[in-house]
Amino acid sequence: MEKRIYILNGPNLNLLGKRQPEIYGHETLADVVAACAKVAGEVPVRDAQSNHEGGLVELIHEAREDGLGIVLNAGAYTHTSVAILDALNTFEGPVMEVHISNVHQRESFRHHSYISARADGIIVGCGTQGYELAVQRILRMTGQG
Ligand code: DQA
């Protein structure tokens, strides 16, 4: 089965480009996915966004089947979700955690991430370019780039 790089986004990231552009920029999620696909080249990407915690858990379960690696911006669930951490712990490939903004310069409740305990790498504060860097890292870690 051909493996895919999963680009998973959590709550409110469907509004990327419209939502607080002073923090998250003007690019849309479709722009981000297109840029990731370009970086991934021959390797297919599977992108999905969910505003629901269980939806993200199910997408991570799907990645167990054919995920080469996971790029995950879990949005606010980053700071609250043991269920997403548990799901990631069932996945064997590389996991890259991405945050568009520098969460460490923001409110203290954004400083802790449950996902970081599982993530192989973390990219924060690089804007939407962080997703491309994460794809690049997965390619490198899996010997494809
Ligand atoms: C975010 C940071 C989170 O704290 C926030 O809840 C988001 C987006 C980021 O990409 O900077 O929804 O993950």
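Within the assembled protein chains, the solvent-accessible surface assigned to VAL39 is about 40 Å², based on a 1.4 Å probe. Taking every protein chain into account, the 1.4 Å probe leaves LEU59 with about 20 Å² of accessible area, to the nearest ten. Each residue of the stretch 61-66 is assigned a 3J(HN,Hα), and the resulting list reads 4, 4, 5, 4, 7, 9 Hz, derived from the Karplus form 6.51 cos²θ - 1.76 cosθ + 1.60 (θ = phi - 60°), x at Gly and Pro.
Distant-in-sequence amide contacts of VAL98, defined by a placed amide H-H separation under 5 Å and a gap of 5 or more residues or a different chain, comprise LEU72, ASN73, ALA74, ILE123.
Heavy-atom accessible area, probed at 1.4 angstrom with all protein chains present, ranks LEU56, LEU133 as LEU133, LEU56, highest first. Across the stretch 4-141, the mean sequence separation of Cα contacts (distance under 8 Å, 6 or more residues apart), normalised by length, yields a relative contact order of 28 percent. Ordered from largest to smallest accessible area (heavy atoms of protein chains, 1.4 Å probe), the residues PHE91, PHE109 come out as PHE109, PHE91. When the Cα convex hull of the stretch 18-64 is projected onto planes of every orientation, the mean area is 4.2 nm². When TYR77, TYR131, TYR24, TYR114 are compared by accessible surface with a 1.4 Å probe, the order from highest to lowest is TYR114, TYR77, TYR24, TYR131.
Take the chain and mark each of the GluC sites (Glu not before Pro) that is in a DSSP loop with at most 14 other Cβ atoms within 10 Å; the longest unmarked stretch, sites excluded, is 43-91. Take ARG64: with every protein chain present and a 1.4 Å probe, its accessible area is about 120 Å².
Measuring nothing but protein heavy atoms, the accessible surface of the chain at 1.4 Å probe radius is 47 percent carbon and sulfur.
The values are calculated or read from the model by the stated rules, or taken from the named source; none is laboratory data. Predicted model, so just to flag it, every value in this text is computed and none were measured. For neighbour counting, all protein chains shown are included, and Cβ atoms are generated from backbone atoms with ideal geometry for every residue, glycine included. What goes into the accessible areas is simple: the full protein's heavy atoms, side chains included, and nothing from ligands, DNA or RNA. Shrake-Rupley method; radii C 1.70, N 1.55, O 1.52, S 1.80 Å.
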